[in-house]
Amino acid sequence: MSTQRTRLAAIARIAVPLALLAALIAGGASTLRSSTTGPSYEDLALLTNVLHLVRQNYVKDVDEHQLVEGALKGMLDTLDPHTSYLSKDLYKEVQRDTKGEFEGLGIEITKGDGGDKSEGFVSVVSPIDGTPAALAGIKAKDQIVAVCPDGTDKTCKSTQDMNLLEAVKMMRGPRGTKILIQVLRAGWTAPKPFVIKRASIRVSSVTLHMLDKDIPYVRLSQFQERTAPDLEEALAKAHETAGGNFRGLVLDLRDNPGGLLDQAVKVGDVWIDDGMIVFSEGRNGGNRMEWHAKKEGTEPQYPMIVLVNGGSASASEIVSGALQDHKRALVLGTQTFGKGSVQTIIPLEDGSGLRLTTALYYLPSGRSIQEVRVQPDVLVEPYSEAELAAHKETRDQRRAMGEVDLEGHFGSQQKPKPEAAKPEPPPAPEPATESDAPDAGGEAGKEARFQKQVDADRQLSRAVELLKSWTVFSKLHSEGDAEAHVR
């Protein structure tokens, strides 16, 4: 599982003021006074008084450290959904996430805060490509209403009263172990159980396929520490295959939950040669930080389409929005998730951490995507399950009508040229081996599965159509200019 991890490059070290709590318990609170810039004596005294009463009178012995951690979690839960206290274990998991290695299901989750009956449940931002969750059929916008960490309904716990990181911890676990989650999806009248086997997930965030010899398809599943260099390697390979510049490129950011801010900036810089990529501002417009593109290493100019949907969040919205603002690419799909906040991961003295929302980020035009989202230039909804079934049936039955279909048509009267040699029949195809079959593993199998999926993907198919027609109209435009010049 992955958490939304967008953060600032600079990370400060702070310590939780437990010494202050100890001083209050010992009677040192008399030195505190109410102020408009800090906690009041009454508030801190109330906290320490409750801590003292629990320690002295609770029905059984308590772990004071757990009480303090619970107080910290409760305090941060009153803020936004992305601010949270990270225990030592969770802090280590967040660090592993940015490296793309962890053990779990492979989904990005958030905490729902809408006004419908799903309010409070954990919801799926997006499944990560090729992970157990994606293979089991978990989809973006699914509501996870209950988690049963041992794979049986005996340990089920509702996610309604669970904070985000508690849900992360319950879903994580050793590879090979099973977990049961109850999922509610739009159009379903009741939750359905999904039993999923956890796996050791090593996610490569960059995937390359060639839609045509000179039209690459590049998918970014998230923004990790190596996303930018891996992208540059993929593009170099694509240029080698194309033999030069591209006729067009599709960048797929659908169901990309985000990740590291610096990687989003570097990815945007691949196609933007000048100007601002993103900027952030803290409280009351302070602590403004700006990130700008550099001309060195910028890709050549060619038509480009970026695919987005409701699972595109945070860093993926920075990239798609910046390319849109700079008019470098056409954005196609559906509106994005709308997460426009920056989280700073702050390590604490005891090995735990604080995940704190410190700023909002803004696109080059000055627009914020927080709740507003990135709106596509070309709105294309994906196929529904019913539409996909109908599309497949139509495709299988489709055949262009011609002269041969007319009643009483003449047979072919064409005669071969005297010099034309009689063509030899093509050799019979050899039986496919397991590795050659479309469902086989390996690169050949992956490529075969991808090509099979293209026609069933309305948004990707539309992007390819636009890129090819873009090239045609560009040629017509250039030929028209040349004719006008001659005259």
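Applying the criterion of being at pLDDT 90 or above and part of a helix (DSSP H, G or I) to the residues of the range 75-107, the residue that is farthest from S205 (Cα to Cα) is M75. If the condition is being outside any loop (DSSP other than H, G, I, E, B) and of a type in the set (S, T, Y), then the range 192-215 contributes S200, T207. No other residue among S204, S158, S200 is among the small types (G, A, S), over 16 Å from A234 (Cβ atoms), surrounded by fewer than 17 Cβ atoms within 10 Å (Cβ to Cβ) and at pLDDT below 90 apart from S200. Close Cβ contacts (under 8 Å, 6 or more residues apart or on different chains) running from residues in the range 360-380 that are at positive phi to residues that are surrounded by 15 or more Cβ atoms within 10 Å (Cβ to Cβ) comprise E371/G338; E371/G340; R373/E317; R373/Q335; R373/T336; R373/F337; R373/G338. Once the range 207-246 is narrowed to residues that are at pLDDT below 95 and of a type in the set (K, R), the residue that is farthest from V308 (Cα to Cα) is K213. Out of (1) touching an Asp or Glu at 6+ places or on another chain (Cβ under 9 Å); (2) over 30 Å from L330 (Cβ atoms), what's the single condition that is false for A140? In the conditions (1) touching an Asp or Glu at 6+ places or on another chain (Cβ under 9 Å); (2) over 30 Å from L330 (Cβ atoms), A140 misses (2) alone. Count of the range 129-151 residues, restricted to those that are polar (S, T, N, Q) and out of contact with any Lys or Arg (no Cβ under 9 Å at 6 or more places or on another chain), is 1.
When residues in the range 241-289 are screened for being of a type in the set (F, W, Y) and under 18 Å from the mean Cα position of the chain (by Cα), 0 of them pass. How many residues are among the charged types (D, E, K, R), farther than 8 Å from L180 by Cβ and in contact (Cβ under 8 Å) with a residue 12 or more places away in the chain if we restrict to the range 151-169? Total meeting the criteria: 3. When you check I179 against the structure, is it touching a strand residue (DSSP E or B) at 6+ places or on another chain (Cβ under 7 Å), modelled with pLDDT of 90 or more and either buried (at least 19 other Cβ atoms within 10 Å of the Cβ) or in a strand (DSSP E or B) (or both), yes or no? In short, yes. Looking across the range 436-468 at every residue that is surrounded by fewer than 12 Cβ atoms within 10 Å (Cβ to Cβ) and in a helix (DSSP H, G or I), the one that is modelled with the highest pLDDT is identified as E465. Residues in the range 268-314 that are in a helix (DSSP H, G or I) and at pLDDT below 95: R283, N284, G285. Filtered by the rule that a residue be among the aliphatic types (A, V, I, L, M), farther than 12 Å from V278 by Cα and surrounded by fewer than 18 Cβ atoms within 10 Å (Cβ to Cβ), the range 347-371 gives a lone residue, L348. Look at I277 and say whether it is touching a strand residue (DSSP E or B) at 6+ places or on another chain (Cβ under 8 Å), buried (at least 23 other Cβ atoms within 10 Å of the Cβ) and either farther than 21 Å from F246 by Cβ or in the same structural domain as V374 (by TED's automatic domain parsing) (or both). Yes: the conditions hold for I277. Against the test of being of a type in the set (G, A, S), under 19 Å from the mean Cα position of the chain (by Cα) and in a loop (DSSP other than H, G, I, E, B), the options G366, G338, G351 yield a single qualifying residue, G338. Scanning the range 170-185 for residues that are without any contact (Cβ under 8 Å) to a residue 24 or more places away in the chain and closer than 15 Å to A133 by Cβ yields a total of 1. For residues in the range 245-267 being without any contact (Cβ under 8 Å) to a residue 60 or more places away in the chain and in a loop (DSSP other than H, G, I, E, B), which is surrounded by the fewest Cβ atoms within 10 Å (Cβ to Cβ)? Per the criteria, the residue is N245. Would you call R283 more than 21 Å from N245 (Cα to Cα) and in contact with an Asp or Glu (Cβ under 6 Å, 6 or more places away or on another chain)? So R283 fails the test.
Of the residues making up the range 196-224, those that are over 14 Å from L249 (Cα atoms) and out of contact with any Lys or Arg (no Cβ under 6 Å at 6 or more places or on another chain) are I196, I201, R202, V203, S204, S205, V206, S221, Q222, F223, Q224. Just to be sure before I move on: is G187 in a loop (DSSP other than H, G, I, E, B), within 24 Å of the chain's Cα centre (by Cα), surrounded by fewer than 20 Cβ atoms within 10 Å (Cβ to Cβ) and not charged (D, E, K, R) in the structure I sent? It is true that G187 is in a loop (DSSP other than H, G, I, E, B), within 24 Å of the chain's Cα centre (by Cα), surrounded by fewer than 20 Cβ atoms within 10 Å (Cβ to Cβ) and not charged (D, E, K, R). Being part of a strand (DSSP E or B), among the aliphatic types (A, V, I, L, M) and on the phi < 0 side of the Ramachandran plot is a condition met by no residue of the range 320-328.
The values are calculated or read from the model by the stated rules, or taken from the named source; none is laboratory data. These numbers come from a predicted model, not from an experiment. Neighbour counts are summed over all protein chains in view; Cβ atoms, including those assigned to glycine, are modelled from backbone coordinates with ideal geometry.
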